[in-house]
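Only one structure is covered here, and it is reproduced in the block below.
The values are calculated or read from the model by the stated rules, or taken from the named source; none is laboratory data. Since this is a predicted model, take the numbers as computed values, not measurements. Here the Cβ is made from the backbone with ideal geometry for all residues, glycine too, and neighbour counts use every protein chain on show.
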Amino acid sequence: MKKLVLALLTITWLAWAPSVRAELVVVVNQENPVVDLSTRQVVDLYMGRFNAYPDGSEVLTTDLPNNSPVREAFYRQLVGKSVAQINAYWARLLFTGKSEPPQTVPSIDDVIDYVKKNKNAIAYINEAELTQGLKVVYRFENPQ
């Protein structure tokens, strides 16, 4: 009987969990002139291919620490790679001197503060953490 109840609870949770999963968004300072970014532009910014917004202004990319589940989810959704794979990618780029990785910021709260204080900053956060002073410029399509 206990196994049946546990199985039913697990099935219910699995069916319900995707609907409550926080959605990631990419944000900038509300004073930033960028209105929206394409998937390709976000990839190019976070993978070091470009270091400027489409209007030519400098971009200050931010990243969360390696052990952050939000960071893992961001790179999985953005480029289909784990944080370990992203770290290996950046190690190769740093060795060649071609680009610098995003600045690591200790926490979501610190990321939000940084973006609010820096007009050219860009970050990824859970949509539930949106606050005044931030503007969403990219939303991930709903993963199925």
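Observations on the model:
- For T104, the requirement of being β-branched (V, I, T), within 15 Å of Y46 (Cβ to Cβ) and buried (at least 16 other Cβ atoms within 10 Å of the Cβ) is not met.
- For the stretch 107-135, a residue qualifies if it is surrounded by 14 or more Cβ atoms within 10 Å (Cβ to Cβ) and among the β-branched types (V, I, T), and the qualifying residues are I108, V111, I112, V115, I122, I125.
- The stretch 1-110 holds helices (runs of 4 or more DSSP H) entirely within its bounds, and those carrying 2 or more residues that are under 25 Å from L130 (Cα atoms), aromatic (F, W, Y) and at pLDDT 95 or above map to 69-79.
- Being in contact (Cβ under 8 Å) with a residue 40 or more places away in the chain and surrounded by fewer than 14 Cβ atoms within 10 Å (Cβ to Cβ) is true of K98.
- Residue check for E72: among the acidic types (D, E) and within 10 Å of the chain's Cα centre (by Cα): yes
- Long-range neighbours under 7 Å by Cβ, at least six apart or interchain, first residue touching a residue at least 12 places away in the same chain (Cβ under 8 Å) within the stretch 64-91, second β-branched (V, I, T) and not in a helix (DSSP H, G or I): L64/V105; P65/T104
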